[in-house]
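Data block below; observations after.
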Amino acid sequence: MYNTAQFRNNPRNIAYFVISILFPIVFLWSLSTGETEIGINEVLNYIFGDSNTSTAQVIIHDIRLPRAIAALLTGCALGLSGAMLQGMLRNPLASPFLLGISSGAGICVVIMLSLNVLSSFIPFGAWAGSILAAVIVFLIAYEKNNISVQRLILSGVAISSVLSSIQSIFLLTFDDTRIQNSLTWLSGTLAGRDWDDIKYTWIPIVSCGCISLLFGKQLNLAFLDSDTSKSLGLSIFRMRIFVGLIATMMTACAVCIAGLVGFVGLVIPHIVRLLCGNNYIHVIPISGFAGGMFVLIADVIARSYLWELPVGIVTSLLGSPFFIYLLQRSHYMRSSNGRS
């Protein structure tokens, strides 16, 4: 017979339970919140196929639903990518944008805006720039059938610095309108997202997300020393290649949807580990769901209460204080255990 006390005392079980309850609530909150008053009853009627007024039907189906799905996909992709990269690099400060992905996307978008390229092509340019920058970083880090963690981090920092400098040069030559458009995109925004913005990205995000669940055990083994992990059948080189490829693909798709939504991939996996432990079999899926909910909540707040601020700014404003609190709490608990 299942022991309910064990369930209550296991933070992972509590996390799964809370997510299963909050996820549909947050999603319904997103669909029912906005400038036009649409109640929860109208949202439920839309979901279950009952009759709706034409206005409610259009607003929910054409505006709020694709934007909510875009927020979930973006947050889930960044949460999963951050968890995998932090495990692969054995570094809690690693993030999806560490590999130069943000700078690669940013420079491509800025160049495309400077050339007056059609706005419909900008997300694909961001996706291509992200992939290209990550490939360059991995090529620099590659040496003798091995991917050096130190070289990977340092090359990511170097490539990001170079591309960011070039990006700044372009921005300094722009007029005010193009600077505003560039900064809005670089801050991460979900304003105006519709079905066209997610029809090419949801399949790779969902596919890579499902594949990422298979790497939990390997990421656990990666924390052991090299000889032990090899004796258990883990190829560190192959694991780093696959994890890097999957994380890059998901992050590039997230950038394609929403621009540069920072902070999520760095902090959400860290918070999950502080609350639920270091078992990546659980850290990966919880980080994905938590990241999706976090971006969705930030987007609802941004478009409803903060004058349509870019969602990337809101994620930083919301997450930073909570992250600092958890770090202080973790430090206090370690100090208390040490004194005891």
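For LYS230, the aspartates and glutamates whose Cα falls under 19 Å of its own Cα, not counting residues fewer than eight places away in the same chain, are GLU143.
With contacts taken as Cα pairs under 8 Å at a separation of at least 6 residues, the chain carries a relative contact order of 30 percent.
Of the peptides 72-82, 310-320, the ranking by mean beta-carbon count within 10 Å, highest at the top, reads 72-82, 310-320. The mean sequence distance of close C-alpha pairs (under 8 Å, at least 6 residues apart), as a share of the length of the stretch 10-108, puts its relative contact order at 15 percent.
Compared with the direct C-alpha span, the chain from GLN57 to ILE25 gains 9.5 nm at full extension, assuming 0.36 nm per residue. Ranked by the mean number of other Cβ atoms within 10 Å of their residues, highest first, the peptides 147-154, 279-286 come out as 279-286, 147-154. In this structure, the amide hydrogen of ILE198, modeled 1.01 Å from its nitrogen in the peptide plane, lies closer than 5 angstrom to no residue at least 5 positions away or on a different chain. If only the Cβ of Lys and Arg carry +1 and only the Cβ of Asp and Glu carry -1, the dipole of the chain around its Cα centre is close to 1460 debye. Labels on offer are [x] 90, 40, 35; [y] 94, 48, 42; [z] 63, 61, 37, and the one holding Cα extents along the principal axes in Å computed from this structure is [z].
Annotation: peptides 289-300, 158-169, ranked by per-residue average of other Cβ atoms within 10 Å with the highest first, follow the order 289-300, 158-169. Each residue, PHE121 and ASN10, gets one label point 7 Å from its Cα in the Cβ direction; the gap between the two is 5.3 nm.
Under the criterion of Cα pairs below 8 Å and six or more residues apart, the relative contact order for the stretch 130-277 equals 32 percent.
Every number here is computed from the coordinates shown, using simple stated rules; none is lab data. Worth saying up front: this structure is predicted, and the values here are computed from it rather than measured. Backbone-built Cβ (ideal geometry, glycine too); neighbour counts: all protein chains shown.
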